[in-house]
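The values are calculated or read from the model by the stated rules, or taken from the named source; none is laboratory data. Every value quoted in this text rests on a predicted model; they were computed, and no experiment measured them. Please note: Cβ atoms are built from the backbone with ideal geometry, for glycine as well, and neighbour counts cover all protein chains shown. In case anyone asks, the SASA skips ligands and DNA or RNA and just uses the protein heavy atoms, side chains included. Shrake-Rupley method; radii C 1.70, N 1.55, O 1.52, S 1.80 Å.
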Amino acid sequence: MTQQTPSVERGRANDGPKAAGRNRAALVAAAREVCAEQGLDAPLSAIARRAGVGQGVLYRHFPDRAAVLTAVLEENVRQVERAAAAEDADLATVLGVLTWHLTESAAFIGMLHAEGARSRTGPPAYAVELSRRVERALRAHLPPGHRLAGAGKDLVIAVGMVSGAVTGPTREQREDRALAAWRLLGVEVGPVRPHPG
């Protein structure tokens, strides 16, 4: 009689609670990628698969689709804030990070625009707070006299206009449209890339 050994799942070892932060970060990154490719209705199973975790792990972190989508937007804003807090930060660099997130997360931004349009009270409170945080991060680097430095909502309107222009089936097309929108506004943008930290 031959003894059967239990099957061992290939991939990452089960680190239990120690893996929670890593799993959450992987799920957020996977959600951004999968939704950019397949849209906001992409199956949650595809997000879990891309992250290299089971669906149970996904649901432990995010009880529903809305929670996953909100987490992506929250991470986008955190990266913009980290870029703005960097020692060598300037407006063009921070706008480059913001533009990267707009092009990578166009579906999520579209969701916010749609929610705001459907609601009689405007965008959801969490979206308004995320927008305020982005505005604070950018405003900290606006030089005096910059065309968007006025006390009004010019900065917020400009970001909204660029986010509305970010359309297209490929990341490259979305980035080209975003950069064209910034150029039309007369605003210089640094390299379009995520914040490294």
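Table: residues versus (1) at pLDDT 90 or above; (2) of a type in the set (G, A, S).
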| position | (1), (2) |
| --- | --- |
| V34 | no, no |
| A48 | yes, yes |
| G52 | yes, yes |
| H61 | yes, no |
| R65 | no, no |
| L69 | no, no |
| V72 | no, no |
Of all residues in segment 81-133, count the ones that are of a type outside the set (G, A, S) and either modelled with pLDDT under 80 or surrounded by fewer than 21 Cβ atoms within 10 Å (Cβ to Cβ) (or both). 23
Out of all the residues in segment 153-163, is one or more in a loop (DSSP other than H, G, I, E, B) and within 23 Å of A86 (Cβ to Cβ)? no
Checking D176 against (1) open to solvent by 70 Å² or more (accessible area, probe 1.4 Å); (2) out of contact with any Leu (no Cβ under 9 Å at 6 or more places or on another chain); (3) at pLDDT below 85; (4) not basic (K, R), only one condition comes out false. Which one? (3)
Are any residues in segment 157-173 at pLDDT 85 or above and either loosely packed, with under 13 Cβ neighbours inside 10 Å or within 16 Å of A92 (Cα to Cα) (or both), and if so, which ones? I157, A158, V159, V162, E172
